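**Student:** Next up is a structure, given as structure tokens.
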Amino acid sequence: MTTTGEDHSAARTGPWWWARWRSAGLDVALAAASAAECALEGVRFGRDAGIPTAAGVGFGLLAGSALLLRRKWPIAVVLVSIAITPAQMGYLMGIAGLYTLAASELPRRIIASLAGMSLVGMLIVMLVRVRQDMARGDFALGDWFIPFASITTALGLTAPPVLLGLYVGARRRLMESLRERADSLERELQLLAERAEERAQWARNEERTRIAREMHDVVAHRVSLMVVHAAALQAVARKDPEKAVRNAALVGDMGRQALTELREMLGVL
């Protein structure tokens, strides 16, 4: 099973069920148009082949309906169009089949081989048909018109769908590549953002640890000084009351300074 540019473009627009329904509707419409074309051309085929007209119409309907399988089996559709080319029918199926084949993921050598077969078959059929038309007197031109009209018609029915399909396939592959690169870049940016957040969190934790350590050192130093001055206050309280008052005021100042520094540290944390 192969994919075409129509499948991918439909998958990118709207819900999946709407894309599926639209693709199926397009396939059915093309198959119906191809079957109708082959059925009309089957009338002349039956008359020229000497078979009943109903048989020619039925053969055309069956052959033209093969276009319904162009997404799954584009090779089979192109081969069917080549097979019915001598009957001078299946032009729409050939154009749609070559486009689908060229836009698929099949190797280029297969696409080139089938396109070449279709071109050669169309060229031979057009040579015979133009020669017959000129023999019946439908055209009053020189012999140069036979190869000119045959080559022009054959190229016009094969080259444009192949080139368009190759362009659509290449554009789809380019868009897929760009989309994959964008997704990869997005994943890398997300990973870098996560790593940056981890580093920032680690830095915050380290800074908080450092501040907590400094706070512990400052508070421990202030409390130690308060203990020393409190002991001195106790020793001189009876002998020198004035000095005891100064020491008590100093202990109070140290306590207030310790509380102030503690509040500042907690605010930073």
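**Student:** Taking residue 99 as the residue in question, decide whether it is in the same structural domain as residue 63 (by the TED database), hydroxyl-bearing (Ser, Thr, Tyr) and at pLDDT 85 or above.
**Tutor:** The answer is yes for residue 99.
**Student:** A follow-up question, please. Which of (1) over 25 Å from residue 27 (Cβ atoms); (2) without any contact (Cβ under 8 Å) to a residue 12 or more places away in the chain does residue 131 not meet, given it meets every other one?
**Tutor:** Of everything listed in (1) over 25 Å from residue 27 (Cβ atoms); (2) without any contact (Cβ under 8 Å) to a residue 12 or more places away in the chain, residue 131 misses just condition (2).
**Student:** Quick check: anything in the range 73-93 within 25 Å of the chain's Cα centre (by Cα) and of a type in the set (Ser, Thr, Tyr)?
**Tutor:** no
**Student:** Give the residue that is farthest from the chain's Cα centre (by Cα), with candidates limited to residues of the range 176-210 that are of a type in the set (S, T, N, Q) and within 30 Å of residue 105 (Cα to Cα).
**Tutor:** Result: 184.
**Student:** Out of curiosity, is residue 32 touching a helix residue (DSSP H, G or I) at 6+ places or on another chain (Cβ under 9 Å), open to solvent by 50 Å² or more (accessible area, probe 1.4 Å), modelled with pLDDT under 75 and of a type in the set (A, V, I, L, M)?
**Tutor:** When the stated conditions are applied, residue 32 does not pass them.
**Student:** Determine, yes or no, whether residue 45 is open to solvent by less than 70 Å² (accessible area, probe 1.4 Å), in a helix (DSSP H, G or I), of a type in the set (Phe, Trp, Tyr) and assigned by the TED database to the domain that holds residue 114.
**Tutor:** Yes.
**Student:** Please go through the range 204-230 and pick out each residue that is under 17 Å from residue 263 (Cβ atoms), of a type in the set (Asp, Glu) and surrounded by 11 or more Cβ atoms within 10 Å (Cβ to Cβ).
**Tutor:** 214
**Student:** Let me ask something else. Does the range 164-184 contain any residue that is within 30 Å of residue 258 (Cα to Cα) and assigned to a helix (DSSP H, G or I)?
**Tutor:** No, there is no match, as no residue in the range 164-184 is within 30 Å of residue 258 (Cα to Cα) and assigned to a helix (DSSP H, G or I).
**Student:** Further, regarding this structure: Failed condition for residue 105, given (1) under 21 Å from residue 153 (Cβ atoms); (2) not in a helix (DSSP H, G or I), with all others met?
**Tutor:** In the conditions (1) under 21 Å from residue 153 (Cβ atoms); (2) not in a helix (DSSP H, G or I), residue 105 misses (1) alone.
**Student:** Another question, if that's okay. Can you spot a residue in the range 114-137 that is more than 23 Å from residue 160 (Cα to Cα), open to solvent by 50 Å² or more (accessible area, probe 1.4 Å), among the acidic types (Asp, Glu) and assigned to a helix (DSSP H, G or I)?
**Tutor:** Within the range 114-137, not a single residue is more than 23 Å from residue 160 (Cα to Cα), open to solvent by 50 Å² or more (accessible area, probe 1.4 Å), among the acidic types (Asp, Glu) and assigned to a helix (DSSP H, G or I).
**Student:** Output the residues belonging to the range 88-113 that are at negative phi and open to solvent by less than 20 Å² (accessible area, probe 1.4 Å).
**Tutor:** 89, 93, 94, 96, 97, 98, 100, 101, 102, 103, 104, 111
The values are calculated or read from the model by the stated rules, or taken from the named source; none is laboratory data. Just so we're clear, the structure is a prediction, and the values are computed from it rather than from any experiment. Cβ atoms come from the backbone with ideal geometry, glycine included; neighbour counts cover every protein chain shown. These accessible areas exclude ligands, DNA and RNA; they are computed on the full protein's heavy atoms, side chains included. Shrake-Rupley method; radii C 1.70, N 1.55, O 1.52, S 1.80 Å.
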